[in-house]
Amino acid sequence: FEWVVEIDPNDPAAAPVKRTALGRFAHEGASTALAPDGRVVVYLGDDWEFEYCYRFVSAHPVRSGGAAANRDTLDDGILSVAKFQEDGQLEWVPLVFGKGPLTPENGFNSQADVLINTRGAADLLGATPMDSPEGFAPDPLTGSVIIALSSNAMREETNLANPRVQNRYGHLLELRPPAT
């Protein structure tokens, strides 16, 4: 149903948990990293042509106490969509009800509506359509993230994030954190 569902491999009897705050779209996977302040960062791709790259940042840092103390970490935070500028700079635009065009006038009556229709919200915010984002590989030492984009044979116009027309073979994109 296009949601991320978390399972606990250490507890086979535990019920799977739908991670609603990560949005609803054609998830290819969910790659995690820790921000310098200890919050969880989840990178997500919508695996279709001309769809988007997303990032979720938890509201709170990981707590001591292991899995039991952190079961709700992915329930609260900010889901953002990638918007690449013409110069290649990346802006993570928050998908938050009531901000910008994410209002009742555009069919969004709550944050739940934003999370259910994540693609529509990203469209309204002007996110950068990508060449089928597949997977993300965050580097815990540098903070860089490599994105694998599989293909988009329908692309007619390029940009710095999607440099090939009729991209039949895909490409890799490296996100580098700012120096500060």
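For the stretch 95-180, the orientation-averaged shadow of the C-alpha convex hull comes to 7.4 nm² (one quarter of the hull surface). Between E28, E105, E134, which gets the highest mean-square fluctuation from a Gaussian network model of the chain, Cα cutoff 10 Å? Comparing E28, E105, E134 in the GNM, the peak value goes to E105. Estimated at the nearest 10 Å², the accessible area of V165 is 80 Å² with a 1.4 Å probe.
For the chain, the per residue solvent-accessible surface stands at 56 Å², with DNA, RNA and ligands left out and a 1.4 Å probe. A cut-off of 5 Å between modelled amide H atoms, ignoring neighbours fewer than 5 places along the same chain, links A59 with D76, G77, I78.
In debye, nearest 20, what is the charge dipole magnitude of the stretch 1-128 about its Cα centre with +1 on Lys and Arg Cβ and -1 on Asp and Glu Cβ, if you could check?
400 debye
Residues in the stretch 164-172 carry Karplus couplings, in order, of 10, 6, 6, 6, 7, 10, x, 6, 10 Hz; the curve used is 6.51 cos²θ - 1.76 cosθ + 1.60 with θ = phi - 60°, and Gly or Pro positions show x. Shown in residue order for the stretch 138-151 are the 3J(HN,Hα) couplings computed by the Karplus curve 6.51 cos²θ - 1.76 cosθ + 1.60 at θ = phi - 60°: x, 9, x, 7, 9, x, 5, 10, 9, 10, 9, 10, 7, 4 Hz (x for Gly and Pro). In order along the stretch 17-26, the phi-based Karplus estimate (6.51 cos²θ - 1.76 cosθ + 1.60, θ = phi - 60°) of 3J(HN,Hα) comes to 10, 6, 9, 4, 5, 8, x, 10, 6, 6 Hz; Gly and Pro are listed as x. First check a/c for the stretch 48-155, with a ≥ b ≥ c the square roots of the eigenvalues of its C-alpha gyration tensor; if it is under 1.5, answer rounded, and if not, answer prolate when a/b is larger than b/c or oblate otherwise. Judged from the Cα gyration tensor, the stretch 48-155 comes out oblate (a/c at least 1.5, b/c at or above a/b).
Close amide-amide hydrogen proximity is noted between E134 and A148, L149, S150, each under 5 Å apart and 5 or more residues distant or on a separate chain (H modeled in the peptide plane; Pro and chain starts excluded).
Longest segment of the chain with no trypsin sites (Lys or Arg not before Pro) in a DSSP loop having at most 14 other Cβ atoms within 10 Å? It would help to have the intermediate numbers written out before the result.
Numbers: sites that count: R63, R71, K99, R168.
Answer - 100-167.
Relative contact order of the stretch 90-139, taken over Cα pairs closer than 8 Å and 6 or more residues apart, is 31 percent.
Taking the inverse of the average 1/r across all pairs of different Cα atoms in the chain, what Kirkwood radius in Å do you get?
17.1 Å
With the simple spin-label model, which puts each label point 7 Å out from Cα in the Cβ direction, the Q85 to A69 separation comes to 3.9 nm.
Note down the accessible area of I116, probe 1.4 Å, to the nearest 10 Å². We get 90 Å² for I116. Report summary: the helix-based calculation at 222 nm, which adds -39500 (n - 2.57) for every DSSP H run with n ≥ 4 and divides by the residues of the chain, gives -2000 deg cm²/dmol. Close amide H partners of R24, meaning residues 5 or more places away or on another chain with modelled amide H under 5 Å apart, are T118.
The values are calculated or read from the model by the stated rules, or taken from the named source; none is laboratory data. Every value quoted in this text rests on a predicted model; they were computed, and no experiment measured them. As a convention, Cβ positions derive from the backbone with ideal geometry for all residues, glycine included, and neighbour counts pool all protein chains shown. Accessible surface is based on the protein model in full, side chains and every heavy atom, while ligands, DNA and RNA are left aside. Shrake-Rupley method; radii C 1.70, N 1.55, O 1.52, S 1.80 Å.
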